[in-house]
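Please read the structure below before turning to the comments.
The values are calculated or read from the model by the stated rules, or taken from the named source; none is laboratory data. Owing to the predicted nature of the structure, the values given are computational and were not obtained by experimental measurement. Quick reminder, even Gly has a Cβ in these numbers, built from the backbone with ideal geometry, and neighbours come from all protein chains shown.
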Amino acid sequence: MKNSELISRNLIHDSGKKHVSGFAEYTDDITEPLNTLYGAIGWSKKAHAKIKKIDLKDVKNSEGVEAVVTYLDIPGRNDVGPVFDGDPIFPKTKVEYYGQPLFAVAATSVDLARKAVLKAKVYYKELKPVITIKESLKKNNLLFKPRIIKKGNPTQKILKSKNKIRGNFTTGSQEHFYLEGQVALVIPKEDNNFLVYSSTQHPSETQQIIAKMLDQKSNAVDVMVRRIGGGFGGKETNFITSAICCLLSHKTNKPIKLRLDRDDDMIITGKRHDFFSDYEVGFDDNGRINGLKFNLASRCGMSPDLSLAINERALLHIDNAYFIKDIEVKNFLCKTNTASSTAFRGFGGNQGMMAIENVIDNISRYLKKDSADVRKVNFYGKNKNNITHYGMKIKDNVINELFEELKIKSNYKKRFQKIRKFNQKNKFKKKGIAITPVKFGISFTTIHLNQAGALVHIYTDGSVHMNHGGIEMGQGTHTKIAQLVSNSLGLPYEKVQISATNTSKVPNTSASAASSTTDLNGAATLNAVSKIKSNLNNFIKKKYKIFSKIEPLYKNGNIYVGNRVFNFDEIIKEAYLNRISLSSSGFYSTPKINFDKKNFKGRPFYYFCYGSAVTEVTIDTLTGESVLDRVDILQDAGNAINPALEHGQIEGGFIQGQGWLTMEEVVWGNDGIIKTFSPSTYKIPAVTDIPKIFNVEIFKNGLNVEKVVNKAKTTGEPPLMLAMSVFFAIKDAIASISNYNRIPDLSAPATAEKILLSIKKLKNIV
């Protein structure tokens, strides 16, 4: 694993050229078999109502329609809930959100299918919807009993503190806005079996959901995914498209393609949880937190989906990078008549981090101190103050040195003073700056998901074919795992090929999520390779009577055993002729992790990723517009397998976080109708929103202390949290209006409208 020629090297994404040339094949690009029909979904126009009657006569008689399905056509389980029931494929008697699927059709063309569903007559008895977190809390409309996590005696510590503040804070929802929408192509096979091409992050669970729906065994359903055009968590549990597509195929015994258009996708599917927190904190004159109490509530939508685990992760990351000796958090999972909130990059961790970062920022402004100093005084230590509120000892802490290094490299202190002077001289344009840290835990907190499988073949010409359970969704997993394999076998990268992820090749896989895809699947693949190498090593030593105990070296297309050199391709041919196995499955399970969810104690993470960002912004106090002038990032990526891909992940994650915290605003009306359901009503970052100066660097002293492939660290989720610096830089700019004597009231996303409202409030107070 030390062959630097093959790993820790900048290689282009395996599909990079195909992406930009248009030759990358996605589910919608797959050639459709003859007689393929096209699906469309008819969905509820009410957020909360009893279904009195659904008249589908005109739908069935519509041009080109060959089948219509409702809940009555489902032979097995009418639910796609990943953990808990509550997500019916089609409801029987009641709708619980605007956009909930009611029925589906299959027709001879896409246009005819979509026209047909509009002809349905649905009669409702409307019920009053619960839309907001505050409404849900008031009515005690909760999915689960509130959870209380407590360490020490925060009430007493707050009471005895010299300084105390109270407040509340909101972070908004976020649409996944993947470039490739929800799509599936299902082909019926003999014996009532099905081949499912799906844009999903979780093929195994897609397989299981469909099998249960059809009242079949899992072996009757094959799910295949070559690549998906972005997921970000939105394709981790959203099985409704694949399930409905397969139900239509089951009904017609014909191939079915179902692709949601962008508007329907945004209406039907779940989004990031928005969170509301109120807090009480006590602290000393240096800003050191003595005691902290949170009430943390999230909008979960109409069903549990993954809300329990997401809120759990918010609780686990409520500390971010800070040692808080005495803390209490009450967590409320609010049931609302909106689409079920679901996984999104960060998985609740970023919402928890924003809650504590807002507290830290407000402490700084209360004390009139640089927030960088207050953050530093609260950091976890190396040998003391290094136990989390859930009892895990932090052994890999590099946040102190990383934070200081970034301050120096970004010239933070000098710029901080320069910005203060600028704001004194300028009336309408105001600048702000902020530096924020990130400590993010890596692993699935549901322990059994921390496993992976792989399948590796070496063919008689020396080429390598492999398959693993991870999904390539743009992050470069396939490329990095191919690098690991080529390095282990000492072969050129070009001799290694990865095929589509397929449940018939590698079963019982976990979702590509939790920033663990390469860690898990890379290790499983190398496990398979090691078994084949063991076969080869034993064969070579036995046949050529080599008694050296030195481990054979695979390098430059050769195998070095003692003082002998064997050409890899020739040895492979020899091994085959001597009936030596050149194929193996591989497996990996993450060690050391254990977590008692009931008592909220243990080690839920294998390791932590660290990072920090400095952001400088300019706001226009007349329009509320904000512009990113400069961003400096230092991210801990361990010994990166492919630094170029990590840079891409860091940049992309930051911009997505910027979108969440500054411009992407999901809006529902009081009637539960979503108002932001298209690119014309929902703004995501564009090329003009990228910082004018964008410096990204990988921290050189962040080698992973655990036995992870290549001693690397992930860059899947952690970089998104770096964008917290954008929000607090905007808040810093607003604070200058009061000469930094008042704490601005600002919630996320910090849109132009919210910035103007915050400025107005501050001016009225001043």
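Of all the residues that make up region 320-335, how many are within 24 Å of Ile133 (Cβ to Cβ), assigned to a strand (DSSP E or B) and not basic (Lys, Arg)?
Summing the residues that are within 24 Å of Ile133 (Cβ to Cβ), assigned to a strand (DSSP E or B) and not basic (Lys, Arg) in region 320-335 gives 7.
Of the conditions (1) of a type in the set (Ser, Thr, Tyr); (2) in contact with an Asp or Glu (Cβ under 6 Å, 6 or more places away or on another chain); (3) more than 23 Å from Tyr197 (Cβ to Cβ), Tyr26 fails just one. Which one is it?
Of everything listed in (1) of a type in the set (Ser, Thr, Tyr); (2) in contact with an Asp or Glu (Cβ under 6 Å, 6 or more places away or on another chain); (3) more than 23 Å from Tyr197 (Cβ to Cβ), Tyr26 misses just condition (3).
Could you check how many residues of region 173-189 are part of a loop (DSSP other than H, G, I, E, B), in contact with a strand residue (DSSP E or B) (Cβ under 9 Å, 6 or more places away or on another chain) and crowded, with 19+ Cβ neighbours inside 10 Å?
Adding up the residues that qualify gives 3.
With respect to the numbered conditions (1) assigned to a helix (DSSP H, G or I); (2) in contact (Cβ under 8 Å) with a residue 24 or more places away in the chain, which one is the sole condition not fulfilled by Phe344?
Condition (1) is where Phe344 drops out.
Taking region 20-42 as the region of interest, how many residues are surrounded by 14 or more Cβ atoms within 10 Å (Cβ to Cβ), out of contact with any helix residue (DSSP H, G or I) (no Cβ under 7 Å at 6 or more places or on another chain) and not charged (D, E, K, R)?
Adding up the residues that qualify gives 4.
Check off (1) touching a Leu at 6+ places or on another chain (Cβ under 9 Å); (2) within 21 Å of Ala321 (Cβ to Cβ); (3) part of a strand (DSSP E or B) for Ala452 and give me the number that stays unchecked.
(2)
Scan (1) under 20 Å from Ser626 (Cα atoms); (2) within 29 Å of the chain's Cα centre (by Cα) for the single condition Leu402 breaks and write down its number.
(1)
Test Lys700 against the stated conditions and say whether it is of a type in the set (Lys, Arg), at negative phi and surrounded by fewer than 24 Cβ atoms within 10 Å (Cβ to Cβ).
yes
Which numbered condition trips up Arg9, out of (1) within 30 Å of Gln649 (Cα to Cα); (2) in a helix (DSSP H, G or I)?
Failed condition: (2).
Is one or more of the residues making up region 113-127 crowded, with 23+ Cβ neighbours inside 10 Å and under 29 Å from Ala309 (Cβ atoms)?
no
Tell me which helices (runs of 4 or more DSSP H) are completely within region 654-766 and hold 1 or more residues being in contact (Cβ under 8 Å) with a residue 60 or more places away in the chain, touching a helix residue (DSSP H, G or I) at 6+ places or on another chain (Cβ under 6 Å) and closer than 21 Å to Tyr412 by Cβ, or say none if there are none.
Filter on region 654-766 gives 718-721, 724-735.
Out of curiosity, is Ser371 farther than 22 Å from Val726 by Cβ, in contact (Cβ under 8 Å) with a residue 40 or more places away in the chain and not charged (D, E, K, R)?
It is false that Ser371 is farther than 22 Å from Val726 by Cβ, in contact (Cβ under 8 Å) with a residue 40 or more places away in the chain and not charged (D, E, K, R).
Restricting to region 20-62, what's the tally of residues that are assigned to a helix (DSSP H, G or I), of a type outside the set (Ser, Thr, Tyr), in contact with a strand residue (DSSP E or B) (Cβ under 6 Å, 6 or more places away or on another chain) and under 26 Å from Gln201 (Cα atoms)?
Count: 1.
Counting only residues that are within 23 Å of Glu32 (Cα to Cα) and in contact with a helix residue (DSSP H, G or I) (Cβ under 8 Å, 6 or more places away or on another chain), how many does region 197-210 have?
Qualifying residue count, region 197-210: 7.
Residues in region 619-632: is at least one surrounded by fewer than 20 Cβ atoms within 10 Å (Cβ to Cβ), of a type outside the set (Ser, Thr, Tyr) and farther than 25 Å from Gly172 by Cα?
No, every residue in region 619-632 fails to be surrounded by fewer than 20 Cβ atoms within 10 Å (Cβ to Cβ), of a type outside the set (Ser, Thr, Tyr) and farther than 25 Å from Gly172 by Cα.
Take the residues in region 714-753 that are of a type in the set (Phe, Trp, Tyr) and crowded, with 24+ Cβ neighbours inside 10 Å, then tell me which one is nearest to Asn423 (Cα to Cα).
Applying the filter and picking the extreme gives Phe728.
Tell me the residue from Gly282, Gly234 that is within 24 Å of the chain's Cα centre (by Cα) and crowded, with 22+ Cβ neighbours inside 10 Å, please.
Unique residue meeting the criteria: Gly234.
Which residue is surrounded by the most Cβ atoms within 10 Å (Cβ to Cβ), if the candidates are limited to region 551-584 and must be part of a loop (DSSP other than H, G, I, E, B), touching a helix residue (DSSP H, G or I) at 6+ places or on another chain (Cβ under 7 Å) and free of Cβ contacts under 8 Å to residues at least 60 places away in the same chain?
So, considering only residues that are part of a loop (DSSP other than H, G, I, E, B), touching a helix residue (DSSP H, G or I) at 6+ places or on another chain (Cβ under 7 Å) and free of Cβ contacts under 8 Å to residues at least 60 places away in the same chain, the one surrounded by the most Cβ atoms within 10 Å (Cβ to Cβ) is Pro552.
Enumerate the pairs (first residue in region 31-42 and at positive phi and touching a residue at least 60 places away in the same chain (Cβ under 8 Å); second residue anywhere and among the charged types (D, E, K, R) and surrounded by fewer than 23 Cβ atoms within 10 Å (Cβ to Cβ)) with beta-carbon separation below 9 Å, excluding pairs fewer than 6 apart on the same chain, so at least 6 apart or on different chains.
Once the first residue is at positive phi and touching a residue at least 60 places away in the same chain (Cβ under 8 Å) and sits in region 31-42, its partners that are among the charged types (D, E, K, R) and surrounded by fewer than 23 Cβ atoms within 10 Å (Cβ to Cβ) give Asn35/Lys254.
Can you confirm whether Asp620 is modelled with pLDDT of 95 or more, under 30 Å from Ile655 (Cβ atoms) and charged (D, E, K, R)?
yes
Which residues, counting only those in region 294-316, are under 29 Å from Ile165 (Cα atoms) and touching a Lys or Arg at 6+ places or on another chain (Cβ under 8 Å)?
The answer is Phe294, Asn295, Leu296, Cys300, Asn311, Glu312, Leu315.
Within region 457-504, which residues are under 27 Å from Gly652 (Cα atoms), among the β-branched types (Val, Ile, Thr) and not in a helix (DSSP H, G or I)?
Hits for region 457-504 are Ile471, Ile498, Thr501.
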